[in-house]
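A.B. asks: Please see the structure below; I have some questions.
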Amino acid sequence: MLKVQNISFAYQTAPVIKNVSFTINKGQHIALVGASGCGKSTLLKIIYGLLQVAEGRLYWDDNEILGPNYHLVPGEEYMKYLSQGFELTAYRTVSENIGQYLSNFEPELKKGRVKELLEIVELEEFAATKVENLSGGQKQRVALARALAKKPELLLLDEPFGNIDNFRRSSLRRNLFNYLKRNKITSITATHDKTDILSFTDETIVIQKGEVIAHKNTIELYRHPKNLYIASLFGEINNIVISDLITSADHSSALVYPHEITIVSKSSISVLVRKSYFKGNHFLIESVLNGTSILFIEHHTFLPPGEKIYITIPEDLLLSRAAT
Ligand SMILES: Nc1ncnc2c1ncn2[C@@H]1O[C@H](COP(=O)(O)OP(=O)(O)OP(=O)(O)O)[C@@H](O)[C@H]1O
């Protein structure tokens, strides 16, 4: 179990991490999300022991995680950190980099382990290629395999798929998180990508300006986002004033995802189409409600600008999402 207790940190004088506390159970996958510059990478570096906290304590089970004031070489045996700049040995091959920290005592065992890791990151055909001849995305996959090589108990990933093309990303993500679950490896992934969050994490921690503002089961967080900042992490979102739709309602607002709005042939709510954005399996319709508010709606076909359409939003959804 990882316990982070009331930690605070500043690079200079302005605090970057402010009184942060949370607990993560073994084997759980956690997404660490928030706007750029909110402190995600800083928090991962603190957990790994690269930065010294001004206040607070961190524990992995009963072991206190100490910062650089107490360590010459950062990092504990049980923990691996994959940073955004993956420090590989350029003139060595992919296999040599992956096996760098594995014991040479039993060469067959090492060979088998490197092969298994090459399969996870789908780099079998590059085993003998020097790292300097790889693309950015391929280097990121080598760094990932090397971080996994000694089966850490806790894996810290900073934007692990940032350089990897969409074509690879999906299968790599599945390979990695299935491997982590099978081996009961706890992970914390700092990410901007909602697919990382939604499909592969048990819980999500939301950071805003250095503070934890939510720590919840990922599905719960998606279904009941507490505010606009949280909902926006999952993509386009509408912040609807309920009295614009239901005359008897008060003036509170509700967060509604575009796919939760349905276009119908007739209803009491009409909007004007402004633009249709092609999204592959649907169009995102930008529309105007009451001449002022912008409303995004998911729809299966293109709608021309200026067209008047009717919509419905389930009333119980609106009321359950009403800001309190
Ligand atoms: N070495 C540093 N020295 C001084 N300030 C820093 C340093 N590294 C980061 N910061 C500042 O600390 C704040 C948090 O940075 P951090 O990299 O943790 O954010 P982040 O949430 O990971 O951002 P991103 O999503 O863009 O990677 C930012 O305001 C950043 O400018």
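The values are calculated or read from the model by the stated rules, or taken from the named source; none is laboratory data. Values in this document were obtained by computation on a predicted structure and should not be read as measured data. Reconstructed Cβ throughout: ideal geometry from the backbone, glycine too, with neighbour counts over all protein chains shown.
A.B. asks: Can you tell me which residue is farthest from Lys266 (Cα to Cα) among those in region 304-324 that are assigned to a loop (DSSP other than H, G, I, E, B) and touching a residue at least 40 places away in the same chain (Cβ under 8 Å)?
C.D. replies: Per the stated criteria, the residue is Thr324.
Per-residue answers, yes or no, for (1) within 16 Å of the ligand (Cβ to nearest atom); (2) closer than 30 Å to Asn6 by Cβ:
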{"site": "Arg146", "(1), (2)": "no, no"}
{"site": "Glu153", "(1), (2)": "no, yes"}
{"site": "Pro160", "(1), (2)": "yes, yes"}
{"site": "Ile185", "(1), (2)": "no, yes"}
{"site": "Ile188", "(1), (2)": "yes, yes"}
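A.B. asks: Here is a further query. Would a scan of region 60-76 turn up a residue that is modelled with pLDDT under 95, small (Gly, Ala, Ser), surrounded by 14 or more Cβ atoms within 10 Å (Cβ to Cβ) and within 16 Å of the ligand (Cβ to nearest atom)?
C.D. replies: yes
A.B. asks: What are the pairs, 6+ residues apart or on separate chains, where a residue within region 108-137 that is over 24 Å from Arg182 (Cβ atoms) has its Cβ under 6 Å from a residue that is polar (S, T, N, Q)?
C.D. replies: Ala128/Thr93; Lys130/Thr93; Val131/Asn97; Gly136/Asn163; Gly137/Asn163
A.B. asks: Answer yes or no as to whether Val53 is touching a helix residue (DSSP H, G or I) at 6+ places or on another chain (Cβ under 9 Å) and within 16 Å of the ligand (Cβ to nearest atom).
C.D. replies: Yes.
A.B. asks: Based on this model, can you work out whether Ser21 counts as in the same structural domain as Glu211 (by TED's automatic domain parsing), within 16 Å of the ligand (Cβ to nearest atom), surrounded by fewer than 20 Cβ atoms within 10 Å (Cβ to Cβ) and polar (S, T, N, Q)?
C.D. replies: no
A.B. asks: Here's another thing I want to ask about it. Could you please let me know if Leu295 is of a type outside the set (Lys, Arg), more than 24 Å from Ser199 (Cα to Cα), over 32 Å from the mean Cα position of the chain (by Cα) and modelled with pLDDT of 90 or more?
C.D. replies: No: the conditions fail for Leu295.
A.B. asks: Looking at region 85-103, can you tell me whether even one residue there is part of a loop (DSSP other than H, G, I, E, B) and within 16 Å of the ligand (Cβ to nearest atom)?
C.D. replies: Yes - at least one qualifying residue is present in region 85-103.
A.B. asks: Here are Lys26, Lys40: which of them is within 15 Å of the ligand (Cβ to nearest atom) and in contact with a Leu (Cβ under 9 Å, 6 or more places away or on another chain)?
C.D. replies: After applying the criteria, what remains is Lys40.
A.B. asks: In this structure, does Lys216 turn out to be at negative phi, in the same structural domain as Arg113 (by TED's automatic domain parsing), in a strand (DSSP E or B) and without any contact (Cβ under 8 Å) to a residue 24 or more places away in the chain?
C.D. replies: yes
A.B. asks: Among the candidates Ala14, Ala31, Ala10, which residue alone is touching a strand residue (DSSP E or B) at 6+ places or on another chain (Cβ under 7 Å), within 23 Å of Lys209 (Cα to Cα) and within 12 Å of the ligand (Cβ to nearest atom)?
C.D. replies: Ala10
Yes or no, residue by residue, for (1) modelled with pLDDT under 95; (2) over 20 Å from Val271 (Cα atoms); (3) assigned by TED's automatic domain parsing to the domain that holds Ile313:
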{"position": "Arg223", "(1), (2), (3)": "yes, yes, no"}
{"position": "Ile246", "(1), (2), (3)": "yes, no, yes"}
{"position": "Asp250", "(1), (2), (3)": "yes, yes, yes"}
{"position": "Pro258", "(1), (2), (3)": "no, no, yes"}
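A.B. asks: Of the residues Ser243, Ser293, Ser265, Ser252, which is surrounded by fewer than 17 Cβ atoms within 10 Å (Cβ to Cβ), more than 14 Å from Val33 (Cβ to Cβ), free of Cβ contacts under 8 Å to residues at least 12 places away in the same chain and polar (S, T, N, Q)?
C.D. replies: Criteria check complete, one pass: Ser243.
A.B. asks: Output the residues belonging to region 45-82 that are over 16 Å from Glu211 (Cβ atoms) and either in a helix (DSSP H, G or I) or charged (D, E, K, R) (or both).
C.D. replies: Matches in region 45-82: Lys45, Ile47, Tyr48, Arg57, Asp61, Asp62, Glu64, Glu76, Glu77, Lys80.
A.B. asks: Further question: Restricting to region 120-173, what's the tally of residues that are over 20 Å from the mean Cα position of the chain (by Cα), of a type in the set (Val, Ile, Thr) and either part of a loop (DSSP other than H, G, I, E, B) or outside the structural domain of Ile98 (by TED's automatic domain parsing) (or both)?
C.D. replies: The number of residues fulfilling the criteria is 1.
A.B. asks: Filtering region 24-51 down to residues that are among the basic types (Lys, Arg) and closer than 20 Å to Tyr78 by Cα, which residue is surrounded by the most Cβ atoms within 10 Å (Cβ to Cβ)?
C.D. replies: For region 24-51, the residue satisfying everything is Lys45.
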